[in-house]
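Enquirer: If you scroll down you'll find the structure; I have some questions about it.
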Amino acid sequence: MTPFVKAFFDEGTFTVSYVVREPHGKACAIIDSVLDFDHASGRTDTRSADKIIAYVQEEGLNVEWILESHVHADHLSAAPYIQDKVGGKIGIGDHITVVQDTFGKVFNEGTEFQRDGSQFDALFKEGDSFMIGQMRGDVLHTPGHTPACLTYVIGDAAFVGDTLFMPDFGTARCDFPGGSSTTLYQSIQKILALPDETRIFVGHDYKAPGRDEYAWETTVGEQKALNIHVGAGKSIEDFVSMRDARDATLAMPRLILPSLQVNMRAGQMPPADEQGNVFLKLPVNKL
């Protein structure tokens, strides 16, 4: 089955969100939505999510799933806002509990913060499947960037989150807590074992050197042949050496601290105080 895929690119965070719909029906899933956040003022905005909602409503679609490929460190999720407007169940990988335990400690969340994934409607593990109308989705656990990363294979399309980028840009960083370049290489082999014609939809694009346009769709065959980090049969030893050296030069994402606090809660803000005010923490020397 070949699902219809509509992409929404957020240039502020270089994130690609997707609406994946049945080719001959109205059921759909939304993958990796964005809640706009101005770090300087601490204000949120829903313009990116509203574009997705408008598309869903104009097309008369039935949102069955709002899927997260992982706990994003570079943008806030709009999942609960979208759920409130158009419905759908929020899903993520079952290793979210590892991420919640790690960052629950970083942000000193205390015992009131549940670390069991209960903030989400569904927790997926390797080999699980789910339905979008008459269209089946299958789950690959593809950790390495984070412990909870998933790839959603829906018909002939694979949504890989941050695991792979476009072939001319390579692969995701592995230096966040719980990340591993060795594990990422092994996860990528799962994706590259899919049929060559499988369409791959990436979670971000940053315009590789020499490319003037943003891009987010490629294929397994193209990744195997051309990916600058893992293509053409590059060995795990070479990949790990390259990835670890590269990661040591990278700065932390601009929105990592607000993003993690919100996204580990399925897109919900931390609980408000007695006056109804919401606060995000800024841990010092923790990351």
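Enquirer: Say whether the condition of being among the acidic types (D, E), out of contact with any helix residue (DSSP H, G or I) (no Cβ under 8 Å at 6 or more places or on another chain) and without any contact (Cβ under 8 Å) to a residue 40 or more places away in the chain is met by at least one residue in region 203-215.
Expert: Yes; the residues of region 203-215 include at least one that is among the acidic types (D, E), out of contact with any helix residue (DSSP H, G or I) (no Cβ under 8 Å at 6 or more places or on another chain) and without any contact (Cβ under 8 Å) to a residue 40 or more places away in the chain.
Enquirer: Restricting attention to region 140-180, which residues are free of Cβ contacts under 8 Å to residues at least 40 places away in the same chain and hydrophobic (A, V, I, L, M, F, W, C)?
Expert: A172
Enquirer: Something else now. Identify, from the list S69, S77, S17, the residue that is in contact with a Cys (Cβ under 7 Å, 6 or more places away or on another chain), of a type in the set (S, T, Y) and either without any contact (Cβ under 8 Å) to a residue 40 or more places away in the chain or within 19 Å of W216 (Cβ to Cβ) (or both).
Expert: Exactly one residue qualifies, and that residue is S69.
Conditions tested, residue by residue: (1) at pLDDT below 95; (2) open to solvent by 10 Å² or more (accessible area, probe 1.4 Å); (3) touching a Lys or Arg at 6+ places or on another chain (Cβ under 7 Å); (4) within 30 Å of G179 (Cα to Cα).
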residue: L35; (1), (2), (3), (4): no, yes, no, yes
residue: E59; (1), (2), (3), (4): no, yes, no, no
residue: L76; (1), (2), (3), (4): no, no, no, yes
residue: P80; (1), (2), (3), (4): no, yes, no, yes
residue: D84; (1), (2), (3), (4): no, yes, no, no
residue: I90; (1), (2), (3), (4): no, no, no, yes
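Enquirer: Residues T249, T198, T218, T171: which one is closer than 30 Å to V106 by Cβ, among the polar types (S, T, N, Q), modelled with pLDDT of 95 or more and open to solvent by less than 60 Å² (accessible area, probe 1.4 Å)?
Expert: Only one candidate qualifies: T171.
Enquirer: Another question about this same structure. Could you grab me the full set of residues in region 129-146 that are more than 17 Å from T97 (Cα to Cα) and part of a loop (DSSP other than H, G, I, E, B)?
Expert: Listed by number, the residues that qualify are G133, Q134.
Enquirer: State all residues of region 2-53 that are in contact with a Ser or Thr (Cβ under 7 Å, 6 or more places away or on another chain) and polar (S, T, N, Q); if no residue qualifies, say none.
Expert: Listed by number, the residues that qualify are S17, S33.
The values are calculated or read from the model by the stated rules, or taken from the named source; none is laboratory data. Treat the numbers as computed from the prediction; the structure is a model and nothing was measured. Every residue, glycine among them, receives a Cβ derived from its backbone with ideal geometry; neighbour counts consider all protein chains shown. To get the accessible areas, we keep the full protein, side chains included, count just its heavy atoms, and leave off ligands, DNA and RNA. Shrake-Rupley method; radii C 1.70, N 1.55, O 1.52, S 1.80 Å.
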